[in-house]
Amino acid sequence: MSNRTPLMAGNWKMHHGPAAAARLTAKIDAAASSHPGVDVALFVPFVSLAAAQAAAEGLRVGAQNAHERQSGAFTGEVSCAMLAEICPLVLLGHSERRHLYGESSALIGRKVSAALDKGLEIVLCVGETLNERESGATLEIVSAQLAAGLESVGEGQIAGITIAYEPVWAIGTGRNATPQQAGDACRAVRDWLRARYGDAADRLRILYGGSVNPDNWADIAAEPDVDGALVGGASLEAESFNRLIAISAAA
Ligand code: PGA
């Protein structure tokens, strides 16, 4: 871990309605406040945002997706303008959005632009599939996702963005990247950011995500370019997520 403040972010996906969200947020918030050296965020379902926000004192709450436009005839969608009234963060480009819902890197780039326009901070996810890794295309894929996702992001705006490197083959599979794979990919992301944004890259946080749990996190967290984690399954209960926060605090 570097001198960048680590960020531990939970992604609850389609779990925890408002009542459960309020209870779990309060339990995680208590752990977050006893580790002030770690930033904590929770990406919760839209309908649970208000309940989680009300239960959060120290940690920050965000949405898991947003539409690329700020309003209009888009039944069932939620805009960044709406989110900005209720929370400070949004997760964009998660692999489930890319692969299950067909979101292209260009669309994700437009969503990033919409979120920045409304002052939301962003966690932008990138990562390769197993086929792409095995064919040696990891860096090419991740670079292309960064280029499209950050296309509209100028030097003055990059500070509001965190990148989450999440290899698709490690998400929800129980098969985490090795510390070296995670560290190498996060370093490559930082190199890409440095080439585009200069020294600002050294202040940006780059997270690893994919089957992070209390047994594997300390070794991954020790990698110098890994500044925290985006955690799915292990963020659904306070016990495991709070242990991850404590491990980051000790790293
Ligand atoms: P996982 O999910 O920790 O359950 O692998 C990570 C993610 O989807 O962000």
Q) Can you list the residues of the stretch 230-251 with backbone N under 14 Å from a point 7 Å past the Cα of Asp215, pointing along Cα to Cβ? A) 234
Q. Extension gain Ala19-His99, at 0.36 nm per residue separation less the Cα-Cα distance, in nm?
A. 25.8 nm
Q | For the chain: rounded, prolate or oblate by the Cα gyration tensor [a/c cutoff 1.5] | A | rounded
Q) Near Trp217, within a Cβ-to-Cβ distance under 12 Å, what is the net charge of the other residues, with Lys and Arg +1 and Asp and Glu -1? A) -2
Q.
Starting from the 7 Å offset along Cα-to-Cβ, what nm value, one decimal, do you get for the label separation of Glu155 and Val47?
A. 4.7
Q.
For the stretch 141-178 and the stretch 15-29, what is the centre-to-centre distance using only Cα atoms, to the nearest Å?
A. 27
Q) Rounded to the nearest 0.05, what FRET efficiency is calculated for Arg175 and Phe74 with R0 set to 45 Å and r the Cβ-Cβ distance? A) 0.80
Q) Between Glu239 and Arg196, what length in nm is gained on full extension when 0.36 nm per residue of separation is reduced by their alpha carbon distance? A) 11.5 nm
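Only the coordinates and a few stated rules stand behind these numbers; no lab work does. Keep in mind that this is a model prediction, so the values were computed, not measured. So basically every Cβ, Gly included, is an ideal-geometry build from the backbone, and we count neighbours across all protein chains shown.
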